[in-house]
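Student: Encoded as C-alpha cells, here's the structure I'll be asking about.
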Amino acid sequence: MATTSAADVAGQRRRAVIASTVGTTIEWYDFFLYNTAAALVFGQLFFGSSAVGGTLLAFSTQFVGFAARPVGAALFGHYGDRLGRKRMLVATLLLMGVATVLIGCLPTYATIGVAAPILLTILRIAQGIGVGGEWGGSVLMSMEWGTRKQRGLMASWPQMGVPLGLLLGTGVVSLMAGPGFLEWGWRVPFLLSAVLIGVGLWVRLSVLESPAFTRVIEQKAIATMPVVDVFRKQWADVLKAMFVRTGEQAPFYLFTSFVLVYTTSTLKLQRVDVLLYLMLAAGLGLVSVPLFGYLSDRFGRRLVYGAGAVLTGLFAFPYYALLDTKVGGLIALAMVLSLLFHDMMYGPQAALISESFGTEVRYSGAGLGYQLASVIAGGPAPLIATAILGGTKSTTGISWYIIGCVVVTLIALALMRPRPAELDAHFDQASEGVPT
C-alpha cells in the first residue's frame, strides 16, 4: 500500500464499492426471484395442493433457503478469513447463479411428480448457501476499503444490492406476468441470471483484496479456525447480531413476499398492479439505504437503527389498514413507508454488526450473526403470517408479530457495543488517509 499512489488506491476503493454492489445485486436478484415465484406460482406448479396448502409448501422451500444461509456464512466465512474476501465473492456468485439458472430449467410436478419439489428444494439450498456466504464478503470488501469514519456509508453500498435486486427481479417478473406466465413466463427471469453471472464475474475479478485483510496476511495474523474462534470468544456478539436483525428481517419478508400473497389472494388485487407498487417502494431504497448508512456515520448507528425499529413497530397496524382499503395510492403508500422504515435499519446494519468483530475473524463473525437471523426471523416470517391469516382470517396477529420482533431488536440493540477501535488499528490503518 505504501508504494501505491493515493489516486490508484482511491480508484480501487471505487472499484471495490462497485464490485460489491453489482455482485450483491445479482445475488439478491436471484434470491428474490424465488421469493416472488414462491408467492405467485410455485405452489401451483410444484406442489399440487390446495391454495393455502400449496402456498405453505412453497414458503417452506423458501424457508429451507434461509436455513441454509448460516451454513454458507460458516463455510465461506472460514475461507474468507483465511484466503481473502475476493476469492469467496467469486465462488458465491457462481454458486448462486448456477442454482438460479437450473431452477428456470426444472420440470414441474405435472411432468415428473414428486421429483420436482425435491429438486427445487435442493437448488434452493444451494441458493441459500451462496447468499449466506455472499453478504459478509461483499460488505467487508467495501467497508475495509474505506476509513473508519465512513464505514456506515461504505458498508451500505453493498446493502443497496437488496433494493436493486428486488427492483430488478420484480421488474422482470412483472414484464412476464401475462397470459403465459404459468406455462413458461416464470422461467425467463431465472434463465436471465446466466447473463448477470457474466457481468458480475467481470466486475469482481477486477478488484484487489481489501487493505485490512492484506495487512492481516502481512502480519501473519490469519486465524486458523475463525468460526471456532468466534463462537469460543464472541458467542454473545453473534447472538446479539442475530437478534438485532429480527425487527428488520421478519417484517422485510412480510413487506416484500407475503404481501404478494395477501394482496392477490385475499384482497383480489391485480398481480401486475401490486408488483408495480413493490417496484416503486424498492426504487426508494436506491437513495434511502446509502442515506441512512451515511447518517449513521454522522449521528451514530444505534440512534438511526433504533429509530427505524420503532417506526416499523408503530407502522405494524397502519400498514395492513392501508392495504385493506384496496385503493391503489394508499397501497403504494403502505409499501413505500414500510420499506423506508426498513431501510433506516438496513443502511447502518452492515457496519453495526461488522464493528463487533476483529478483522481476522470479521467475515465469519459478522456473516454468522447476520445469517442466523434468517433462521429465526426471515425464513419463518411468511410461513407464520400465512398460518395466522389462514387460522384467524385477520391480519391483527401478524401486526402483533411484527411488534414482537421489533421489541427483540430493541433489546439486542441496547446490549450491543462496538469493538474498541484501538484493537484493530494496526489493520484498519491500511485504509486510512486515502481520499474518497
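Quick note: the coordinates plus some simple rules give every number you see, no bench work behind them. Nothing here was measured: the structure is a model prediction, and the numbers come from that model. Positions of Cβ are generated from backbone atoms using ideal geometry, with glycine treated the same way; all protein chains shown enter the neighbour counts.
Student: Straight-line reach from Lys86: which lysines fall under 22 Å, measuring Cα to Cα and dropping same-chain residues less than 8 apart?
Tutor: Lys220
Student: Could you check which residue among Val22, Val272, Val244 shows the biggest mean-square fluctuation in a GNM of the chain with a 10 Å Cα cutoff?
Tutor: Val272
Student: For the chain, with a Gaussian network of springs between Cα atoms less than 10 Å apart, report the residue from Ser206, Ser296, Ser338 with the top mean-square fluctuation.
Tutor: Largest GNM mean-square fluctuation: Ser206.
Student: What is the sum of charges around Thr263, taking Lys and Arg as +1, Asp and Glu as -1, for the other residues whose C-beta is under 14 Å from the C-beta of Thr263?
Tutor: On the way: positive: Lys268, Arg271, Lys326; negative: Asp273, Asp324.
Local charge sum for Thr263: +1.
Student: Is any helix in the chain, taking whole DSSP H runs, at least 27 angstrom long along its axis by alpha carbon and on average at least -0.5 on the Kyte-Doolittle scale, and which ones?
Tutor: On the way: long enough: 6-37 (46 Å, 0.09); 51-83 (47 Å, 0.70); 85-105 (31 Å, 1.47); 115-143 (43 Å, 1.11); 271-299 (40 Å, 1.22); 328-354 (39 Å, 1.33); 396-415 (30 Å, 2.14).
Taking the DSSP H segments of the chain (at least 27 Å long, mean hydropathy at least -0.5), we get 6-37, 51-83, 85-105, 115-143, 271-299, 328-354, 396-415.
Student: What number, rounded to the nearest 500 deg cm²/dmol, is the helix-based mean residue ellipticity at 222 nm of the chain, given -39500 (n - 2.57) per DSSP H run of at least four residues and division by all its residues?
Tutor: -24500 deg cm²/dmol
Student: Which lysines, on any chain, are close to Lys393 with Cα under 25 Å apart, when same-chain ones fewer than 8 places away are left out?
Tutor: Lys268, Lys326
Student: Suppose a student asked you for the relative contact order of the chain, using Cα pairs under 8 Å spaced at least 6 residues apart; what percent would you report? Don't jump to the answer; show the numbers that get you there.
Tutor: Values: 800 pairs, mean separation 116.4, N = 436.
Normalised by residue count, the contact order of the chain is 27 percent.
Student: So for the stretch 315-384, considering every pair of alpha-carbon atoms, how many percent are separated by more than 13 Å? The partial results should precede the final answer.
Tutor: Working: 1760 of 2415 pairs.
Roughly 73 percent, once rounded to a whole number.
Student: If I take R0 = 30 Å and measure r between the Cβ atoms of Thr392 and Leu239 in this structure, what FRET efficiency does the formula 1/(1 + (r/R0)^6) give, to the nearest 0.05? Provide the component values of the computation, followed by the final result.
Tutor: Working: r = 31 Å, r/R0 = 1.05.
It comes out at approximately 0.45.
Student: Let me ask another. Take the eigenvalues of the Cα gyration tensor for the chain, scale each by 5, and report the square roots as semi-axes in whole Å, largest first.
Tutor: Numbers: eigenvalues 243, 112, 74 Å².
Equivalent-ellipsoid dimensions as semi-axes: 35, 24, 19 Å.
Student: Can I ask one more? So which residue, out of Pro211, Pro179, Pro107, gets the largest mean-square fluctuation from a GNM of the chain using Cα contacts under 10 Å as springs?
Tutor: Of Pro211, Pro179, Pro107, the Gaussian network model singles out Pro179 as fluctuating most.
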